[in-house]
Structures are given as structure tokens and as C-alpha cells.
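**Student:** Supplied in C-alpha cells, the structure appears directly below.
The values are calculated or read from the model by the stated rules, or taken from the named source; none is laboratory data. No experiment lies behind these values; they were computed from the predicted model shown. Note: ideal-geometry Cβ built from the backbone for every residue, glycine included; neighbour counts use all protein chains shown. The accessibility values were calculated without ligands, DNA or RNA, using every heavy atom of the protein model including side chains. Shrake-Rupley method; radii C 1.70, N 1.55, O 1.52, S 1.80 Å.
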Amino acid sequence: MSNLRAIILAAGKGIRMQSDRPKVLHPVCSKPIIQYVLDIVQDLGVQHIYMVLGHKSREIRNILGKEVTVVIQKKLLGTADAVKITTAHFRNYQGNVLILCGDTPLLNQETIRELIKKHKKTKAVCTFLTAVVGTPKGYGRVVRDESGAVTAIREDRDAKAEEKNIQEINVGVYCFKGSDLFTSLQEIKINPRKKEYYLTDIIQIFIGKGLRVETALAEDPQEALGVNTRVDLALAESVMRRRILKDFMLNGVTIMDPETTYIHADAKIGRDTTIRPFTVIENNVRIGNRCLIGPFCRIRPDTRIGNNVEVGNFTEVSRSRVGDHCFVKHFGFLGDALLGKRVNIGAGVVTANFDGKKKHVTEISDDAFIGSDSILVAPLRIGRAAVTGAGCVVPGKRNVPDYAVVAGVPARLIARRKK
Ligand code: UD1
Ligand code: MG
């Protein structure tokens, strides 16, 4: 977006998190909070992104790309001070400035687009995002006069009793005319209670000067959530998880019980696959069409599952490939396993992939039948259409030839199947 630059505020200590880790690096559905905000701003295609960092800035900087200019706030003197220290980067800049807090992972990009649109249309000096929420406690309240026009944002700790009842809150996303922002910023006085400079005080200053301030309402109040405590973090997690699941459902995946299903946003799942309750699907997992996954199943990273596969209860699959039409229906573990097509894995089968130092691969070829309770010690190859008898242990490197039937501990050849 031309003539628009963004500032993301993320220097705060996040004291309320009670954590050694910077607040904005805490993950929501496996992705750091700050990354959500950054993704939105990047997708908007703004001219440039500035990020204000302070507390543990190096840790946060590590996850940022080169396109973000980091500005360090040495003393954490509040949100207005955080913006002020970027002033030098905006000399002679005539465009708009979008400011976001780094701790609001649930914002929708569309909402921000609407905000910017309204800001441009109304030619206001500032348009900020508001939301009407059931529990406004902790947020800045939007104070309006009888005509409904905004007069101020009042921070929670400064709000009078009747102002505390206001349910319309400041989300912490603002679009400013750059020149007006940096001029009026200088006029903000320190808040006597918190001993900080509040960016939100700029609204009253603009109104006092007769300048136009507008608001845009976020339709979904959940978007407003700013993560300040671990209680907020859990709330953000559950909202985001629901959003991710909804996307899968709208793309043709049946999720029997969203309450107990956890799917990573980056996973890919084909049409008409059903995910049964209590299932966890992690990042970099691909599952094909018409599969039945779960209940009580964990599909771990770097796993590929073909079409028409059943992975049943109490099964863990990690860094593995499972070909079309395989059955892995009852409790067991497949780690670093490469399964061909139409493989049947009996109940309780374990690939013993770790020798204490290294992980090894177990290859199980097309049409193999692995009897219940077989232990397959990797590295190992089970041949095409081979059979392992129930309860056998196949030692590492003792490959089972195509069509062989093995049984016992250690497993021995007892027969050959007809081709
Ligand atoms: C802020 C807003 C409040 C709004 C809420 C929305 C102010 C004064 N208040 O309150 O109106 O309802 O967000 O979530 O702005 N930060 C810095 N440097 C500082 C202080 C903060 O960079 O010196 C950053 C923080 O890292 C954070 C953001 O600014 O990402 C907001 O700070 P936070 O302390 O979370 O403000 P809230 O109390 O949530
Ligand atoms: Mg906050």
C-alpha cells in the first residue's frame, strides 16, 4: 500500500505474563504472537515496517526478516514514547502511519483494510479501531459526547466509575496522518499515576485542536484481545484454534469434535477426510482424501499420509510416510517409517527407530502385513507382501525379503507367500 508505513509497538516488558520470555514471543497455536501482527502488516503491502523493541530485543530480532527496521526504546516510558523514538525515520514523510500493538494476535486483516479505507475517505487525522466487548476491564475506554463523537480514550486505571461501564474499547490499532501524529505527540504529558506517556492521550489533544478523529468498529469483538496475561494467552489460543478448524471444515474436512481437535494451521488435509475426537495434527503434515484419523491420535511433524488411509486410536505417527489404502488402526508407534500402499499394521506395532544416539528408518513395502505386537527394530526393510507374526521382534538390519513370513523372537523365516 503506497503512502502507508507501519509501526509495531513491542518493547514492553509484559510484566503481567510472569515470564522470562518476551511476551510477544509466546506462541498462539504454535506461532509467536508478534508474527501474527507482522503477517497482517506484510500482507497489506505497506511501504515500510518499523518495530519498536526494548526488553529482550535480541530474542525478538532473531525471528524478524531484513524488511523490518528495528528501533530500540531504551527506557520503557509508555506507548507514546515508543512512537516518539521513531520520529527521525519520518522526517519529511507526508503519508499515513499505521500503528499496532505487538500483543494482538487475533486481528483480521480485512478489519485493518476497512480501517485504512475509512481513514482515507474521511480525511481524519486519526482513525482508530474500537470493539464492543463484554468485559472491558484493562482496556482503554472510548469516551464519546452526546452526539456520539469521540472525545477521548480513557485508560482503565484512570477511568471514573461511570466510564468503567463503557463497553467500547480501544483495540490499539490506529491510522494517523504522519505529520499531525509527530507534531501532537510532543504535547503528550506524562501520566501521573503510571509515570508513562500514553499514546491514547493524543486523541484528546487532536479534539482540542478541532482536528477530526474517526473510529472503525471491529465486527468481531474477539479480534480486540490484547494478550497481557496467560489467561489472555489461553483465550487467544482457543479462538485461533477454532478459526483454523473452521478453515479446514470449510475446505471439506469433517471435524467431529472441534472442542478436542488440534490441527496446526500449516497442515494440509484433503477432502472428505474425517478427523475424529481427541486428535492432534502438528505442523508440516499432509493428509490425503477420504482418510479416517483418530480418535486419540497424534500425527507429528513431517508426516505424509496418502488417500483412503485409516489411522486409528492411540496411534502416534512421526516423520513418516503412509501410502494409499494403509490401515494403522490400533495403538502403536510409527517413527521414521516409510510405508508403501495397502500395508496393514496390526495392533500394538512399534517401529523401534532410536538406538539411543540416532534415529533410523523402517521401510515397509506394498501389501505387507505386520502382525499385532510386532517390534520392528530400525534400520530395517520389510519386503513386498511380507508377513510378520504376532508378537515377533525383527532385529535391526535383518531385512525381511519380499513374500517372506517371519515369526518369533528374534524373527525367523517360517514360510513364503505365493506371489
Ligand atoms: C494499550 C492501550 C489501551 C488499549 C490496549 C489494547 C495505551 C496507553 N493503552 O493498553 O488503550 O485498550 O493497549 O490492547 O496505549 N509498549 C512499548 N513501549 C512501552 C510500553 C508499551 O513498546 O514503553 C508496547 C508493548 O510491548 C505492547 C503495546 O505497546 O505491545 C501495548 O502496551 P501494553 O502495556 O500491552 O498496553 P495495554 O495496557 O494493553
Ligand atoms: Mg496490551
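**Student:** Which count do you get for residues in the stretch 206-229 that are away from ligand 2 (no atom under 16 Å from the Cβ) and not aliphatic (A, V, I, L, M)?
**Tutor:** Number of matching residues: 9.
**Student:** Condition first: of a type in the set (Val, Ile, Thr) and surrounded by 15 or more Cβ atoms within 10 Å (Cβ to Cβ). Now tell me which residues in the stretch 37-68 satisfy that.
**Tutor:** Once the filter is applied, which keeps residues that are of a type in the set (Val, Ile, Thr) and surrounded by 15 or more Cβ atoms within 10 Å (Cβ to Cβ), the stretch 37-68 yields 37, 40, 41, 46, 49, 52, 60, 68.
**Student:** Name the one entry in 203, 190, 166 that is among the β-branched types (Val, Ile, Thr), away from ligand 2 (no atom under 16 Å from the Cβ) and buried (at least 18 other Cβ atoms within 10 Å of the Cβ).
**Tutor:** 203
**Student:** Identify all residues within the stretch 353-382 that are among the β-branched types (Val, Ile, Thr) and either closer than 18 Å to residue 318 by Cβ or out of contact with any strand residue (DSSP E or B) (no Cβ under 7 Å at 6 or more places or on another chain) (or both); write none if there are none.
**Tutor:** Passing the criteria: 361, 362, 364, 370, 375, 377.
**Student:** I've got another one for you. Just name the residue that is most open to solvent (accessible area, probe 1.4 Å) out of those in the stretch 244-288 that are closer than 17 Å to residue 314 by Cα and touching a strand residue (DSSP E or B) at 6+ places or on another chain (Cβ under 6 Å).
**Tutor:** 262
**Student:** Within the stretch 105-142, work out how many residues are within 20 Å of residue 201 (Cβ to Cβ), hydroxyl-bearing (Ser, Thr, Tyr) and within 16 Å of ligand 2 (Cβ to nearest atom).
**Tutor:** Qualifying residue count, the stretch 105-142: 2.
**Student:** Additional query: With the requirement that a residue be part of a helix (DSSP H, G or I) and charged (D, E, K, R), what does the stretch 134-163 give you?
**Tutor:** 156, 157, 158, 162, 163, listed by residue number.
**Student:** Let me ask you something else. What are the residue pairs meeting all of these: first residue in the stretch 129-148, first residue on the phi > 0 side of the Ramachandran plot, second residue open to solvent by 10 Å² or more (accessible area, probe 1.4 Å) and in a loop (DSSP other than H, G, I, E, B), Cβ atoms under 7 Å, and 6 or more apart or on different chains?
**Tutor:** 138/228
**Student:** Kindly establish whether residue 89 is within 27 Å of residue 191 (Cα to Cα), modelled with pLDDT under 95, open to solvent by 10 Å² or more (accessible area, probe 1.4 Å) and not small (Gly, Ala, Ser).
**Tutor:** Considered against the rule, which asks whether it is within 27 Å of residue 191 (Cα to Cα), modelled with pLDDT under 95, open to solvent by 10 Å² or more (accessible area, probe 1.4 Å) and not small (Gly, Ala, Ser), residue 89 comes out as no.
**Student:** Any residue at all in the stretch 204-218 that is without any contact (Cβ under 8 Å) to a residue 24 or more places away in the chain, part of a helix (DSSP H, G or I) and more than 30 Å from residue 276 (Cβ to Cβ)?
**Tutor:** Yes, there is a match, as at least one residue in the stretch 204-218 is without any contact (Cβ under 8 Å) to a residue 24 or more places away in the chain, part of a helix (DSSP H, G or I) and more than 30 Å from residue 276 (Cβ to Cβ).
**Student:** How about the stretch 226-239: which of its residues are in contact (Cβ under 8 Å) with a residue 60 or more places away in the chain, part of a helix (DSSP H, G or I), in contact with a Leu (Cβ under 7 Å, 6 or more places away or on another chain) and closer than 15 Å to residue 24 by Cβ?
**Tutor:** Passing the criteria: only 236.
**Student:** For the stretch 312-322, does any single residue satisfy the condition of being more than 20 Å from residue 290 (Cα to Cα) and part of a strand (DSSP E or B)?
**Tutor:** The answer is yes, given that some residue of the stretch 312-322 is more than 20 Å from residue 290 (Cα to Cα) and part of a strand (DSSP E or B).
**Student:** Shifting gears a bit: Report, by residue number, each residue of the stretch 117-160 that is charged (D, E, K, R), crowded, with 18+ Cβ neighbours inside 10 Å and under 30 Å from the mean Cα position of the chain (by Cα).
**Tutor:** 141, 155
**Student:** Moving on. Return the residue satisfying two criteria in turn: it lies in the stretch 92-104 and is more than 26 Å from residue 229 (Cβ to Cβ) and open to solvent by 10 Å² or more (accessible area, probe 1.4 Å), and of such residues it is farthest from ligand 2 (Cβ to nearest atom).
**Tutor:** Per the stated criteria, the residue is 92.
**Student:** Among the residues of the stretch 310-361, which ones are within 29 Å of the chain's Cα centre (by Cα) and among the β-branched types (Val, Ile, Thr)?
**Tutor:** If the condition is that a residue be within 29 Å of the chain's Cα centre (by Cα) and among the β-branched types (Val, Ile, Thr), then 311, 315, 317, 322 are the ones that fit.
**Student:** Continuing with the same structure: If you take the residues in the stretch 119-133 that are among the basic types (Lys, Arg) and outside any loop (DSSP other than H, G, I, E, B), which one is farthest from residue 107 (Cα to Cα)?
**Tutor:** 121
**Student:** Within the stretch 212-239, count every residue that is away from ligand 1 (no atom under 13 Å from the Cβ), open to solvent by 50 Å² or more (accessible area, probe 1.4 Å) and touching a strand residue (DSSP E or B) at 6+ places or on another chain (Cβ under 6 Å).
**Tutor:** 2
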